[in-house]
Amino acid sequence: MDYRTIKRAYAILSPVYDFLFDKIFHPGRVAAINLLEINPGDHVLEVGVGTGLNLPLYPGHCKVTGIDISEEMLRKARERVQALGLSHVSLGVMDGSNLEFPNDSFDHVVATYVISAVPDPVKTLMEMRRVCKPSGHLVILNHFKSENPVIGAVEEMLAPVCTRIGFKTDLKLKPLLERVSLAPEQLYRVNLMNGWRLVRCINPQ
Ligand SMILES: C[S@@+](CC[C@H](N)C(=O)[O-])C[C@H]1O[C@@H](n2cnc3c(N)ncnc32)[C@H](O)[C@@H]1O
């Protein structure tokens with residue numbers, strides 16, 4: 001999956017994204033933001049913020065920075081910030097695998113439904129680690145390849161099609177975390193048929 005494919009896919013998806021993915025993924029979003037355990041004054045980075053569906057879920061007492069590679073998705077997020085008066089949120093176009101922030105800039109970093117939608121999941125997670133303070137929470141919510149051999153085979157079959165529309169279905173959680181030297185501190189199954197995994201890691205830097 002390359003940047004051109006991703007940008008094109010999300011430019012097309014942006015007008016219908018909320019209609020398709022708001023309600024169905026809402027339980028996971030609530031659980032992910034709760035898992036951050038945000039304290040007053042904390043600064044949270046949301047990577048791949050998309051249309052900003054998570055933004056109303058953050059407490060007003062924290063600061064949120066949201067970045068995304070897609071101008072079109074971010075336009076929707078900006079409209080939401082303005083409509084809801086979310087003055088604690090700032091947004092910008094940025095590549096999650098090349099974050100323009102110094103080391104240890106954020107108390108927590110979160111990515112919901114993103115890590116299988118980026119061209120380079122390992123580099124993106126490394127960057128999330130780099131900009132998160134030591135002992136900060138790294139929260140990832142995503143669909144990962146099933147350990148069930150039948151479902152896993154179906155997901156592999158679907159992978160070439162899904163890649164064209166902006167996400168991978170065959171990404172495996174354990175090897176991914178191992179490659180970035182992260183271990184799950186908390187792990188839950190969420191959303192429809194418990195098909196998505198919500199992981200919290202403590203940043204070991
Ligand atoms: C499935 S959407 C999820 C959006 C949002 N996080 C949510 O929970 O609804 C995936 C998002 O990741 C963004 N994305 C893909 N590659 C990216 C990258 N390298 N850096 C930043 N954002 C990226 C896409 O533009 C898209 O907005």
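The value obtained for the range 151-193, namely the Cα convex hull volume divided by the number of residues, is 106 Å³ per residue. Annotation: per residue accessible area for the range 61-191 equals 49 Å², rounded to a whole number [probe 1.4 Å, protein chains only].
Highest mean first, the peptides 23-30, 181-188 sorted by other C-beta atoms within 10 Å per residue fall in the order 23-30, 181-188. Determine, at each q value in 0.12, 0.14, 0.16 (inverse angstroms), the log₁₀ of I(q)/I(0) that the Debye formula gives when each Cα of the range 1-100 is one equal point scatterer. Debye intensities relative to I(0), on a log10 scale: -0.38, -0.52, -0.69. Here the chain is assigned +1 on the Cβ of each Lys and Arg and -1 on the Cβ of each Asp and Glu. Its dipole about the Cα centre then comes out at about 220 debye. Within the range 98-205, antiparallel bridges make up roughly 65 percent of the DSSP beta bridges whose residues both belong there. The accessible surface of the chain, taken with every protein chain in place and a 1.4 Å probe, is 57 percent carbon and sulfur.
Could you order peptides 42-48, 132-138 by the average number of other Cβ atoms within 10 Å of their residues, highest first? Mind showing how you got there, number by number?
Details: 42-48: 24.1, 132-138: 19.6.
Ranked from most to least packed, the peptides come out as 42-48, 132-138.
The spacing between the range 88-104 and the range 60-84, judged by their C-alpha centroids, is 12 Å. With kT/(6 pi eta Rh) evaluated at 20 °C and eta = 1.002 mPa s, and Rh the Kirkwood radius from Cα pairs, the chain diffuses with a coefficient of 126 µm²/s according to Stokes-Einstein.
With equal scatterers on the alpha carbons only and no solvent term, can you work out the Debye log10 of I(q)/I(0) for the range 60-150 at 0.18, 0.19, 0.25 1/Å? Log10 of I(q)/I(0), two decimals: -0.89, -0.98, -1.41. The listed peptides 82-88, 192-198, 141-147, ordered by packing as a protection proxy, come out as 141-147, 192-198, 82-88 (highest mean of other Cβ atoms within 10 Å first). With both residues required to sit in the chain, DSSP beta bridges show an antiparallel share near 35%.
Mean projection of the alpha-carbon convex hull of the range 38-97 over all orientations, in nm²? Before the final figure, lay out each step's value.
Working: hull surface 14.4 nm².
Dividing the Cα hull surface by four gives the mean projection, 3.6 nm².
Highest GNM mean-square fluctuation among 38, 115, 67, for the chain modelled with Cα contacts below 10 Å: 38.
The values are calculated or read from the model by the stated rules, or taken from the named source; none is laboratory data. Treat the numbers as computed from the prediction; the structure is a model and nothing was measured. Note that we place each Cβ from the backbone using ideal geometry, even for glycine, and neighbour counts take in every protein chain shown. Side chains are part of the model used for accessible areas, which takes the heavy atoms of the whole protein and leaves out ligands, DNA and RNA. Shrake-Rupley method; radii C 1.70, N 1.55, O 1.52, S 1.80 Å.
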